[in-house]
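Working notes, structure below.
Nothing in this text is a laboratory measurement; each read-out follows from the coordinates by a stated rule. Bear in mind the structure is a predicted one, so any value in this text is a computation, not a measurement. Please note: Cβ atoms are built from the backbone with ideal geometry, for glycine as well, and neighbour counts cover all protein chains shown.
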Amino acid sequence: MTILETLLLALSLCADCFAVSLCSSVTLKKAGWRDVLLTALAFAVIQSALLLAGCLLGDLFYGLVETVSGIIGFVLLAYVGGSMLVEGIRGCGEGKNLNGWKNILLGGVATSIDAAAVGVSQSMSGSGLSGTLLLLAAVFACTLVSVAAGISAGRAIGCIRGRNVGRIAELAGGLVLVGIGFSILF
């Protein structure tokens, strides 16, 4: 795989991480630089770990990962997106989605199931662990940057003219995440 192909694959894998972090952060109460960095780091570690796990276990679990990855991704994204929709409709303004480690981990896993599938395909292509190291580094870096940018942009959107924009963005984000979940199934 060329460096360009590696970078494009890494960018495509972190696109849903960016979408989740953008949509989920519009109602965050607190998002200092430390919180943004820790959340981005959590997403990057989860994404990279699932890519590595897919690569290491590729031959063994190829059929299983291919069969259930879409269902797992759908369920997790539907849960996160559905929670956003409920919060937006209720107008609670709490935005549970990236508040707390439980929600960060759920979001990280939901957006990283496809990385495990890519890891399996890397294993099946014969590239092995050594061929996957550059991809791992690229995925980690791209995910870290995209999540930090998504959170920062989401917070900026949420602060515009009070909670109404945040509520609208939360509803729209919930719909987007549920839509991404459905697209995984089909």
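Quick notes on this one:
- The protection proxy used here, the mean number of other Cβ atoms lying within 10 Å of each residue, ranks peptides 8-21, 103-116, 33-46 as follows, highest first: 103-116, 8-21, 33-46.
- Approximating the spin labels as points 7 Å out from Cα along Cα→Cβ, the Val145-to-Met1 distance works out to 1.7 nm.
- Label separation (Val86 vs Ala153): 2.8 nm, computed from points 7 Å beyond Cα along the C-beta direction.
- With both labels modelled 7 Å from their Cα along Cα-to-Cβ, the Phe182 to Trp33 distance reads 4.2 nm.
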